[in-house]
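Undergrad: Pasting a structure here, questions to come.
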Amino acid sequence: MTILHTETLKHWGGQQNRVLSEVTGLIKRGHRVIIACRIGSLLAQKARAAGVTVYEVNMVKRAHLVTIPQMINIIRKEGVDLVCTHSSVDSWTGGIAAKLAGRRLIRFRHNLYLIGRDPLTRFIYALPDRIIAISHAVKDVIAGCGIKTNKINIILDSVDSAIFNQNEEGLRKELGIAPETMVIGNTSGFIGLKGQKYLLEAFNSIHDKYPCVLLLAGNLVEPFRSRYLSHVREDLRDKVIMLGHRDDIPRVLRTIDVFVYPSYLEGLGTALLEAMTVGLPVAVSDIPTFRHFIEDSVNGVYFRAKNAGSLADTVLSLMANKDLRVQMGKNARATALDMFSRDRMIDVTEDLYREVMNAS
């Protein structure tokens with residue numbers, strides 16, 4: 001098959017990671033896979049570095065009249081059989097282009113935002129042959145917005161366990177963190193709904209009871225960096241390490257003792273899956289998304305969403321119990337390898353694409 005993936009967003013996150021991991025996985029199996037994405041995006045940069053053919057397109061709403069014909073030209077030039085769209089703007093350009101070119105179309109849904117019921121939104125969701133939800137929670141939201149369930153397939157996101165192995169060297173020496181110092185951390189992007197605000201607020205009381213370091217990875221520029229840091233008492237701010245965007249997340253994770261995921265609106269959570277694959281004990285917000293794969297006190301522990309006090313108490317209980325951390329980390333890794341393997345994701349995806357292509 002020749003497959004075209006389209007993506008609007010410029011930043012890097014779980015959604016872009018899913019696109020690139022699927023694309024490279026399908027290429028290894030002999031398929032031709034191409035990406036059309038926003039000009040100057042991190043996805044374009046990383047995809048080219050991985051040897052993927054990339055088209056950079058001006059994917060903004062006001063450019064639809066120009067980008068739709070461009071996408072049709074790409075589809076015809078590359079002999080595309082199937083188009084897969086991922087975000088709002090590219091689902092208009094890529095979706096309409098696919099149908100005008102007479103190609104099969106799949107729409108991915110990565111988040112829990114509600115789908116509008118206005119005629120234009122209903123039109124764009126009527127175009128795809130199938131809709132792929134990245135988790136059970138995402139499917140529930142889509143179905144609740146009136147999309148027929150027989151059109152929705154769940155294909156869970158994945159983690160490349162070969163990259164996130166358990167032998168990766170950490171960053172303690174580089175960062176000057178003593179071997180005996182406890183490190184709590186998070187590696188998700190800094191978006192409000194990811195909840196790092198509550199982790200930073202909780203760090204004040206966590207550190208008072210158990211001196212430690214808070215390690216955060218994710219792109220964050222001023223003035224937003226200072227705003228986030230303002231949630232921590234001034235006398236503790238030197239105990240907060242903000243690494244910015246990192247391409248060596250396995251090394252970052254190997255530096256952490258307790259991984260905290262305070263997101264309160266999450267489609268699945270790639271950063272969480274990566275931490276579990278490494279074998280870290282994880283503390284997560286008690287939201288429906290995580291209930292599908294986190295069993296409390298078995299492969300993770302829950303705290304109340306948007307509640308810094310509950311977060312602090314939960315993390316402190318983990319910090320004080322090494323045996324629990326070790327066992328929970330082993331269980332988390334077993335869950336990740338069983339439910340979120342890269343090969344399994346590619347197998348299911350390949351089967352669905354063939355089914356769509358062979359449909360009458």
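The values are calculated or read from the model by the stated rules, or taken from the named source; none is laboratory data. All figures in this text were calculated on a predicted structure; none of them were measured in a lab. As a convention, Cβ positions derive from the backbone with ideal geometry for all residues, glycine included, and neighbour counts pool all protein chains shown. Just so you know, the surface numbers come from the protein's heavy atoms only, side chains and all, with ligands and any DNA or RNA stripped out. Shrake-Rupley method; radii C 1.70, N 1.55, O 1.52, S 1.80 Å.
Undergrad: Which of the residues spanning region 225-284 are of a type in the set (Phe, Trp, Tyr), open to solvent by 10 Å² or more (accessible area, probe 1.4 Å) and closer than 26 Å to residue 324 by Cα?
TA: 264, the sole residue that qualifies.
Undergrad: Select, from 267, 244, the only residue that is out of contact with any Gly (no Cβ under 7 Å at 6 or more places or on another chain), on the phi > 0 side of the Ramachandran plot and at pLDDT below 95.
TA: Residue meeting the stated conditions: 244.
Undergrad: Scanning region 346-360 for residues that are among the acidic types (Asp, Glu) and within 21 Å of the chain's Cα centre (by Cα), which turns out most open to solvent (accessible area, probe 1.4 Å)? Show your work before the answer.
TA: Narrowing region 346-360 to residues among the acidic types (Asp, Glu): 347, 350-351, 355.
From what is left, the residues that are within 21 Å of the chain's Cα centre (by Cα) are 347, 350.
On the way: 347: 69, 350: 19 Å².
Of everything passing the filter in region 346-360, 347 is most open to solvent (accessible area, probe 1.4 Å).
Undergrad: Quick check: is even one residue across region 56-68 open to solvent by 10 Å² or more (accessible area, probe 1.4 Å), farther than 19 Å from residue 2 by Cβ, in a loop (DSSP other than H, G, I, E, B) and without any contact (Cβ under 8 Å) to a residue 24 or more places away in the chain?
TA: yes
Undergrad: What number of residues within region 92-101 satisfy the criterion of being under 11 Å from residue 128 (Cβ atoms) and surrounded by fewer than 24 Cβ atoms within 10 Å (Cβ to Cβ)?
TA: 1
Undergrad: So, in region 25-52, how many residues would count as being open to solvent by less than 70 Å² (accessible area, probe 1.4 Å) and assigned to a strand (DSSP E or B)?
TA: Of the residues in region 25-52, 6 are open to solvent by less than 70 Å² (accessible area, probe 1.4 Å) and assigned to a strand (DSSP E or B).
Undergrad: What's the total number of residues in region 203-224 that are surrounded by fewer than 18 Cβ atoms within 10 Å (Cβ to Cβ) and assigned to a loop (DSSP other than H, G, I, E, B)?
TA: So the count comes out to 6.
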